[in-house]
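Structure first, commentary second.
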Amino acid sequence: MNSVSLPDDCAKQWEILLLLLSSEEKKIDRTSENEIDTMSYFCKNEGVRKIMLQWLQQMKASYGKKTSELDTALKCDDVSLLWRQKGNDKFRANLVEESYRCYSKSVVYANHNGPMYSLALANRSASLLRLKRFQECLSDIAMAIESGYPTEQRHKLLLRRVDCHIELGQRSEARSALAAATQYANTLNLSATQALEFEKHVKIYEKKLESPDLVDKREDEVVLPECYDGPNLDFNAASSAIELRRSETAGRYVVAKRSARRGDVLFSEDPYAWVTLPSDDPACEMCCRPDINPVPCSRCSRSVYCGARCRARAALAFHRWECAGAQCELFPTVGIAHLALRVLLLSASEGFPAVPWPTTEPTTAAQLFHGYTQVDDIQIYKQESPPFYRMFNLVTNFDKMNNNDYIQYALTATMLTIYLEHFTTFFEYLPSKVPYRLSSSQLQLFAAAVILRSLGQLVCNGHAALSLSTVEEDDGMNGRTVTEREVRRATAIYPSAAMMNHSCDPNIINTFHNSRLIVRCASELSAGSEVLNCYGPHRARESTPRRKAQLRAQYMFTCTCTACRVTDRRDFVLLFSAYVCQSCKSPVIFSGKRVQCQQCSSEFQLDRALSIIDRAEDLALQAERAKNVEERCEMMQVSYKMKQQVWHRHHSSLRAAADRLARLYADIGDFNRSVELIKQNVQCLEYQFGSFSVEVAHELRKLSDVMLERILKLPGHPDYRDWCLEAHKIIKKAVQLMDLNYGSWEVLVKRLKEQENFVASLLAESRTPETADCVHHNLHYNLKI
């Protein structure tokens, strides 16, 4: 190992260290061992322990400090001040969103016991007020005052609090806040100018409070859908309409006891453990809530939460043991192993349960480990059963795993155990959380084995927690456009939902509210049918050989689902990269040999087709440099028609070209053409992914936006009412699909519902006596597209 040159960046050394150490240890096949035997060997290997400890110390020296003038792992008021000054410059330039981001950085880096923290919070509250994020503004004001905001300036914050309550329509709270602000201002020795300015604001607010238009605008609390047919006492977090079974061939699997309809909730489960993923817009590390106003850890600048309550809960449950690792960038470096560590920490926080069938009291890690395996793996899913039993008895696939991979997992578990031993006081705390008296060395061995076991379980049972995020994208032509994108917020483990087997054509949809997983029926489910999830490779996105290879590599099984068995659908996904036959317009799939149409046997001229595509792409590039949008649109239209000559109508690149052209049509006000192109794409997406898919949902959302713009821009058009009827139909369908795929709590779904109500109001306004009789029919048409 001494002859190997390692990168200077110690985070990049990790993968190389694993490869080098595992290559030295791979002579012995350890996949037949249990976790205790494996970790007993590595925990006693002084050479490995020394290397791991040195690497951890290097990570701390490299990252656990101020890394630049604008970044630090710990708290630093100088860094906080720089970001606050940047925020002030942005705020004065009326770049409010950018000022908010700068002030948030200032909040994150400020020492909580110093003056910078309250100042950063107060400045951020000003940006939040301008951004109309009133509830978060109130939270920042409260934290700023609690953190010692200067008394001579506090009356301004108290007035800002009045403003927030008025904007939220909270009349009584606003009156109380105004009285408190006035009372506080009277205790100050304000100058004449300051007093005059204060009185001016008071009068403005008093006038607003007299307005009859002041209406409470607080959002209703989110009510999550309940499990269909009620909760299942024998299957934790599951619906009573399903049950858990076991067979010799399939292992444990989930079956419908009763029929269920599309959208019915089959699981509603909080994770056993979770970790948020690195992001420019991080989620709360405790509840995984996205789009937060970040409240940082009081010691490090790497962990943020949605509020003080979640921060306190996280500190007790896991962050006090993770804070040192977060400071030295340990967790982004080790990936999924962070979640394995979190499993141990959360298990300890709740307290490890007694073994289910104790004959003698365990005194060693091996005895305790063995005791936890002596369970009925169906009965442990009863609601009253300890959650740890369900987590501990998930499959690991260690017996099917490559020996080298298994050794790397064991090395990672060794490193994380050394981290807990040398950088935290976790092992002083652990004895109080284990119900048996084990020696300190046996407790460390037990902890190491739990981490190793969890690593194996997470690789084949982990879930990505997703949500919608509003992002700005460069469209390459007209600047930036705002759109919604599915974002992976966290990785989590859901022991009940993990019981579903895989299918490349699943019959469920996974949705998330913060960290909670809500599993719905994607289609009608008959009694006796197996409930099937998709572990990743989907029949509409990957070819059969590729799907099978991916599943073998990660999950160690050969897929025999219906989508993989049916021979006439094996090449289905190739259709979306197919050319079009010039004779019969059928798809022509290029397989690397002689290209000919499988329908009419006509030979396909591939060279000519590629030449046309090249010219079309060149024309599209020229269009992006066009002087005006009209010229750009005309050139893109010619490019699109050339591509239509060569690509089959379901080709994914033809869809993308149609999408770009539809945007341009909308930009020049040719909404009818834009609508027709998007409708074509809807049909193609329905064919590939299904009528109720998330892909169709997003395309309908896009279609609804163009239709709404057409209505707003052309109110006097003869087809105005028909457009309203069609838009109402499309928006209603978009709401249905977005709700099904993401949940009614998503901001996009709420926005679509507002659009639906708005178009319905336009229809009511445009109703004439001769159309009155058909209004009921028009608003309750068949929603199928």
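Per-structure values
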item	result
Residues of the range 368-388 satisfying the condition of being within 30 Å of Arg552 (Cα to Cα) and open to solvent by 20 Å² or more (accessible area, probe 1.4 Å)	His370, Thr373, Gln374, Val375, Asp376, Asp377, Ile378, Gln379, Pro387
Any hit, the range 336-345, residues being open to solvent by less than 10 Å² (accessible area, probe 1.4 Å) and either farther than 22 Å from Val434 by Cα or touching a Lys or Arg at 6+ places or on another chain (Cβ under 8 Å) (or both)	yes
Residue satisfying condition, being of a type outside the set (A, V, I, L, M, F, W, C) and exposed (fewer than 12 other Cβ atoms within 10 Å of the Cβ), within set Ser239, Ser247	Ser247
Index of the failed condition, His319 passing every other in (1) open to solvent by 50 Å² or more (accessible area, probe 1.4 Å); (2) within 20 Å of Asn514 (Cα to Cα); (3) part of a helix (DSSP H, G or I)	(1)
Test: Thr151 is surrounded by fewer than 23 Cβ atoms within 10 Å (Cβ to Cβ) and either at pLDDT 95 or above or farther than 20 Å from Ser303 by Cα (or both)	yes
For Met391: the one exception among (1) surrounded by 17 or more Cβ atoms within 10 Å (Cβ to Cβ); (2) part of a helix (DSSP H, G or I); (3) in contact with a helix residue (DSSP H, G or I) (Cβ under 6 Å, 6 or more places away or on another chain); (4) touching a residue at least 24 places away in the same chain (Cβ under 8 Å)	(3)
Residue ID - farthest from the chain's Cα centre (by Cα), chosen from residues in the range 3-15 that are modelled with pLDDT of 90 or more and open to solvent by less than 50 Å² (accessible area, probe 1.4 Å)	Gln13
Test: residue in the range 24-39 that is touching a residue at least 24 places away in the same chain (Cβ under 8 Å), open to solvent by less than 40 Å² (accessible area, probe 1.4 Å), assigned to a loop (DSSP other than H, G, I, E, B) and over 30 Å from Tyr406 (Cβ atoms)	no
Residue satisfying all of: in the range 357-367; in contact with a helix residue (DSSP H, G or I) (Cβ under 7 Å, 6 or more places away or on another chain) and either of a type in the set (Ser, Thr, Tyr) or assigned to a loop (DSSP other than H, G, I, E, B) (or both); surrounded by the fewest Cβ atoms within 10 Å (Cβ to Cβ) among these	Pro358
Single residue of the range 177-204 satisfying the filter (among the hydroxyl-bearing types (Ser, Thr, Tyr), modelled with pLDDT under 95 and more than 15 Å from Thr151 (Cβ to Cβ)) that is least open to solvent (accessible area, probe 1.4 Å)	Ser191
Extreme residue, farthest from Met500 (Cα to Cα), among residues of the range 394-416 that are in contact with a Ser or Thr (Cβ under 7 Å, 6 or more places away or on another chain) and open to solvent by less than 40 Å² (accessible area, probe 1.4 Å)	Leu411
Search result, residues across the range 600-633 that are outside any helix (DSSP H, G or I) and within 22 Å of Ser653 (Cβ to Cβ)	Phe604, Gln605, Arg625, Ala626
Matching option when the condition is hydroxyl-bearing (Ser, Thr, Tyr), farther than 22 Å from Ser279 by Cα and open to solvent by less than 40 Å² (accessible area, probe 1.4 Å), among Ser118, Ser106	Ser118
Breaking point among (1) closer than 22 Å to Leu517 by Cβ; (2) among the hydrophobic types (A, V, I, L, M, F, W, C); (3) surrounded by 19 or more Cβ atoms within 10 Å (Cβ to Cβ), for Leu277	(3)
Scan of the range 242-290 for residues that are assigned to a loop (DSSP other than H, G, I, E, B), in contact (Cβ under 8 Å) with a residue 40 or more places away in the chain, aliphatic (A, V, I, L, M) and more than 26 Å from Val694 (Cα to Cα), ordered by number	Ala250
The range 523-549 - residue that is assigned to a strand (DSSP E or B) and open to solvent by less than 30 Å² (accessible area, probe 1.4 Å) and, of those, farthest from Phe267 (Cα to Cα)	Leu525
Residue check, Leu712 of a type in the set (A, V, I, L, M), open to solvent by 40 Å² or more (accessible area, probe 1.4 Å) and within 20 Å of Asp667 (Cβ to Cβ)	yes
Yes/no for Cys227 being under 30 Å from Ala73 (Cβ atoms) and buried (at least 19 other Cβ atoms within 10 Å of the Cβ)	no
Verdict on Leu82 being crowded, with 16+ Cβ neighbours inside 10 Å and either within 23 Å of Leu178 (Cβ to Cβ) or hydroxyl-bearing (Ser, Thr, Tyr) (or both)	no
Residue in the range 701-718 that is touching a residue at least 60 places away in the same chain (Cβ under 8 Å), within 21 Å of Leu468 (Cβ to Cβ) and part of a helix (DSSP H, G or I) present	yes
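This table checks each residue for (1) within 34 Å of the chain's Cα centre (by Cα); (2) at positive phi; (3) modelled with pLDDT of 90 or more.
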site	(1), (2), (3)
Cys561	yes, no, yes
Asp568	no, no, no
Gln582	no, no, no
Lys585	no, yes, no
Phe590	no, no, no
Glu603	no, no, no
Leu606	no, no, no
Asn628	no, no, yes
Glu634	no, no, yes
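Quick grid of which residues meet (1) among the charged types (D, E, K, R); (2) in contact (Cβ under 8 Å) with a residue 12 or more places away in the chain:
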{"position": "Arg49", "(1), (2)": "yes, yes"}
{"position": "Gly64", "(1), (2)": "no, yes"}
{"position": "Ser68", "(1), (2)": "no, no"}
{"position": "Thr72", "(1), (2)": "no, yes"}
{"position": "Cys76", "(1), (2)": "no, yes"}
{"position": "Trp83", "(1), (2)": "no, yes"}
{"position": "Gly87", "(1), (2)": "no, yes"}
{"position": "Ala93", "(1), (2)": "no, no"}
{"position": "Tyr100", "(1), (2)": "no, yes"}
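The values are calculated or read from the model by the stated rules, or taken from the named source; none is laboratory data. Just so it is clear, the structure is predicted and the values come from calculations on it, not from any experiment. Heads up, the Cβs are rebuilt from the backbone with ideal geometry, glycines too, and the neighbour counts pull from every protein chain shown. These accessible areas exclude ligands, DNA and RNA; they are computed on the full protein's heavy atoms, side chains included. Shrake-Rupley method; radii C 1.70, N 1.55, O 1.52, S 1.80 Å.
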